[in-house]
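Asker: Got a structure here, written out as structure tokens. Questions coming.
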Amino acid sequence: MLIRKSEITKLSNNIRKAINGEIIDFRDNEEGSLSVLKNDIYNFINIKNGQIDAAVLEHKAMSEYIENISHQLKTPITSMNIMMDLIEDAPREKQAEFLLGIRSSLNQMEWLTATLLKMAKLDNKRVEFFKKETAVRELLDISVKSLEILLDIKNQRVILENDILINCDKKWTAEALTNIIKNAIEYSKENTAIKVNSGENPIYSYISIEDSGEGIKKEDYKKLFTRFENSRNGYGVGLPLALSIIRSQDGDIDVDLGGNGRGAIFTIKLFKEKSD
């Protein structure tokens, strides 16, 4: 499907208008990545506007939040505009390369807006969790399947050292686990393994994820779960989303910073319901 420069320019202008408070209907009944992106942006902005109306966030915090979103979307939009300018006079083989780049940028924006939409729903308590006993292996299989390409690129593998049943919402907990493992992939060396373990005690069940990196500096710890603090190759929303998901299920995430030859360990804790 050909993506016209006029469509990208229109989308870019509409995003700026929406950020400045104008009411824009992004909805699109067509098919393709750009249409999916438009609909995600429409849903996301609607939820954020609902938060503003309900005074869920302070005005200053909301302004900073929207400004950060604008900044995150600006990079892929600028990249697409540049490639659209170059594609007109480029040789055929280069045109194909630029089209791949444009589609990659669209995919990035689609992922980012979908992630922000999930975070907005969690912030606004619009997610209903359905907990049931689920094997950690099952959660891990879902996560690894979505990360296969990244694992293949670095020739990494994920090893589950112990499997238990854990009381959680399968879909959302797998989403949290995926974001933590994705972070582990980023910071682990090539040709290494990411170790996943699980267990329980009378208070909580846990899933731990250990990477093969060089550990986390103390000064970087506070930024780990801060939204829009850019990771090495990302937008800085994956770990904050994971934390929101787990805390929404009455859990938490602990971090062992590692170092001195050890990688970092992220531990998801899901607290057990107190029996009467």
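Values quoted throughout were computed directly from the atomic coordinates according to the rules given, and no laboratory measurement underlies them. Predicted model only: the values in this text are computed from it and were never measured. Counting neighbours? That spans all protein chains shown, and the Cβs are built from the backbone with ideal geometry, glycine included.
Asker: For F130, F225, F266, which order do you get if you count the other beta carbons within 10 Å of each Cβ and list the fewest first?
Answerer: F130, F225, F266
Asker: I want to verify the translational diffusion coefficient of the stretch 131-271 in µm²/s; compute it with Stokes-Einstein, Rh as the Kirkwood radius over Cα pairs, at 20 °C and 1.002 mPa s.
Answerer: Taking Rh from Cα pairs, D becomes 143 µm²/s.
Asker: Read phi for every residue in the stretch 187-200 and hand back ³J(HN,Hα) as whole Hz from Karplus 6.51 cos²θ - 1.76 cosθ + 1.60, θ = phi - 60°, with x for Gly and Pro.
Answerer: Per-residue couplings from phi come out as 9, 8, 6, 5, 6, 10, 10, 9, 9, 10, 10, 8, x, 7 Hz.
Asker: If you wrap a convex hull around the alpha carbons of the stretch 70-152, what volume per residue comes out, as a whole number of Å³?
Answerer: 125 Å³
Asker: Let me ask something else about it. Could you pull out every residue, at least 5 positions away or on a different chain, whose amide H is within less than 5 Å of the one on V158? Hs are placed 1.01 Å off N in the peptide plane, and Pro or chain starts have none.
Answerer: Distant-sequence amide H within range of V158: I194.
Asker: Turning to a different aspect of this structure: Taking the Cα centre of the stretch 131-271 as origin and charging only Cβ (+1 Lys, Arg; -1 Asp, Glu), how large is the dipole, in debye to the nearest 20?
Answerer: Here the stretch 131-271 has a charge dipole of around 260 debye.
Asker: Could I ask something else about it? I'd like to compare 167-177, 136-146: which one has the highest average count of other Cβ atoms within 10 Å, and what's the full order after that?
Answerer: 167-177, 136-146
Asker: Quick one: which of K131/K223; K217/K272; K74/K154; K170/K222; K195/K217; K218/K269 span more than 26 angstrom between C-alpha atoms?
Answerer: Table pairs above 26 Å Cα-Cα are K131/K223; K217/K272; K74/K154; K170/K222.
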